[in-house]
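What follows is a set of notes on a single structure, which appears directly below.
The values are calculated or read from the model by the stated rules, or taken from the named source; none is laboratory data. Keep in mind the model is a prediction, meaning the values are calculated, not measured. Every residue, glycine as well, gets a Cβ built from its backbone with ideal geometry; the counts of neighbours run over all protein chains shown.
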Ligand SMILES: Cc1cc2nc3c(=O)[nH]c(=O)nc-3n(C[C@H](O)[C@H](O)[C@H](O)COP(=O)(O)O)c2cc1C
């Protein structure tokens, strides 16, 4: 897919069809994650959990719904695969949030390029990072917490027809 077509096809998917993502697609999305920029090149401060265990996804959704009812009963929209981007928690967390976000965007674009639906999720990691039991089930190294999750699957609906614009974000030329 042409790069700018991929960019416009990257849109939040909140309804997934049944069926798992293929292992080669997971591999491509992980390659995109590994190609992302991270602060000072410290890739050892990052860890990714690929979650396809339905019981764990249900537990993450349930905990988040209880903590943040506004997120709805299915804050992962029943995506069949969740990637949890876990970072080493330091006192100043800004770098970790930025790292996780840069990695997530690469993954979202890779998913769009593969024709998959994807969704950037911050509500779930924000909720579940307070529960040591759930954090443990992500199997990240000691001291790591989830910062951003990315849900991926086959979209249940059609892509929204979108056009490029420069007016969504206020911009000034100086
Ligand atoms: C930092 C951040 C946090 C987000 N958290 C969530 C979330 O927890 N749940 C959700 O459904 N969407 C979440 N989103 C997706 C945004 O709502 C979505 O990207 C935005 O509304 C624009 O729509 P689009 O992705 O279709 O272009 C998040 C996006 C960002 C960048």
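Things to note:
- Identity of the residue in segment 81-115, modelled with pLDDT under 95 and part of a helix (DSSP H, G or I), that ends up farthest from residue 70 (Cα to Cα): 95
- Candidates in segment 144-174 are the residues that are more than 13 Å from the ligand (Cβ to nearest atom) and under 24 Å from residue 58 (Cα atoms); of these, the one that is surrounded by the fewest Cβ atoms within 10 Å (Cβ to Cβ) is 156.
- Every condition in (1) surrounded by 17 or more Cβ atoms within 10 Å (Cβ to Cβ); (2) touching a helix residue (DSSP H, G or I) at 6+ places or on another chain (Cβ under 8 Å); (3) closer than 21 Å to residue 142 by Cβ holds for residue 90 except the one numbered (1).
- Any hit, segment 75-84, residues being farther than 30 Å from residue 3 by Cβ and without any contact (Cβ under 8 Å) to a residue 12 or more places away in the chain: no
- Looking across 73, 62, one residue alone is within 16 Å of the ligand (Cβ to nearest atom), outside any helix (DSSP H, G or I), at pLDDT 95 or above and surrounded by fewer than 17 Cβ atoms within 10 Å (Cβ to Cβ). It is 73.
- Residues that are away from the ligand (no atom under 12 Å from the Cβ) and surrounded by fewer than 22 Cβ atoms within 10 Å (Cβ to Cβ) within segment 93-115 comprise 93, 94, 95, 106, 113, 114, 115, listed in sequence order.
- Per-region count, segment 116-134, residues more than 12 Å from the ligand (Cβ to nearest atom), in contact (Cβ under 8 Å) with a residue 40 or more places away in the chain and not in a helix (DSSP H, G or I): 3
- Within segment 1-53, the residues that satisfy the criterion of being more than 19 Å from residue 140 (Cα to Cα), more than 16 Å from the ligand (Cβ to nearest atom) and part of a loop (DSSP other than H, G, I, E, B) are 1, 2, 17, 18, 19, 20, 21, 22, 35, 37.
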